[in-house]
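What follows is a set of notes on a single structure, which appears directly below.
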Amino acid sequence: MNIMKASHYLFIVFIFQIINTGCNRPEEGIDPVFIEYVDLFIKEAADRGHTFEYSDVRGIRFDDIEESSVNGTCNFVSRDVAIDSDRWEGASESSRTSTIFHELGHCILDRRHITPSFPSGICKSMMAGGEDADCIKGFRLGSVWYTYYNDELFDTETPTPDWYVTEINKPILETLVDTSVTSGIHELDITQFDLSQNFELIISFYNWQQNNNVILNLGEQRFSISNDFIILKNGFIKRNPELEETTKVRFVQYDGFDYFFVDDEMFHMDNLDLDFTSLSMGVEQLDELEEIEIDMEIELNLLGN
Ligand SMILES: [Zn+2]
């Protein structure tokens, strides 16, 4: 390297260092893995008029937490966050974000656990936790929930959002499909329909058994219903649904929102941007018991105002 180039290089290094020290650098107590989540927390806070810096976060470290259901802890005295390394390893991105936000809710915002839930069983706050909490956190689902939970995180007075309803009844404009099929995976050819319109999909089962598991594939999303759980997007949205011998599952898409019902009871609403290029459904047996033929009937209706 000649002198000219060397001095140029040093100058660039020098400038870079000035810029770098001028920024708010991550504190040493934060494991680098968590920096992006802390950045996101700081951004969501700033969007809501609250200013936080890295230095407000005392420390976030991996640890081995013995309680099997605990993703992380906040030490209210030292303000240190510990994250269980095994559970972090297996967690989705949104679940990781939710874990860090929840712990920073304790350690920075000084919030404690609260347990209220919406009528559909979804928690009212991402600060739900502890032994009494049996609600489901919707944080990992659509963007309306993400926004709502962050609003509530930084402002405990946040009201129930306008979009949250427990019922949706709209008139049927046209019935596109009305068929009876038996068990196995049933592919519904929906390419002929314009499902950018508001519609509902109703699947009625006539001899539901305890070990059945309904699989509904909405585009790339796999939606699964059994007596133990209802799962969507790899997240639990309901535990132990009460499914009768005759059970009806209804899915409604209306004005960009998705509504999920079992036996006319809405258990979840969201904005999932589901892709309806393909649709299939079927019944699996959860264990090795004898296969049972399930009669199901499928109805696809366009809905009006
Ligand atoms: Zn907690």
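Of note:
- Sorting the segments 143-154, 85-96, 204-215 by their mean number of nearby beta carbons within 10 angstrom, highest to lowest, gives 143-154, 204-215, 85-96.
- Electrostatic bookkeeping for Leu302 treats Lys and Arg as +1 and Asp and Glu as -1; over the other residues with beta carbon under 13 Å from its beta carbon, the sum is -4.
- Relative protection proxy for 164-173, 111-120, from highest mean packing down: 111-120, 164-173 (other beta-carbon atoms within 10 angstrom).
- Kirkwood Rh (inverse of mean 1/r, distinct Cα pairs), segment 152-266, angstrom: 16.1
- Placing +1 on each Lys and Arg Cβ and -1 on each Asp and Glu Cβ, with no other charges, gives segment 22-154 a dipole about its Cα centre of roughly 480 debye.
- Taking the Cα atoms of segment 22-154, the ratio Rg/Rh between the radius of gyration and the Kirkwood radius comes to 0.94.
Each reported figure results from applying straightforward, stated rules to the coordinates on display, with no laboratory input. This is a predicted model, so every value here is computed, not measured. In this analysis, Cβ positions are derived from the backbone assuming ideal geometry, glycine residues included, and neighbour counts consider all displayed protein chains.
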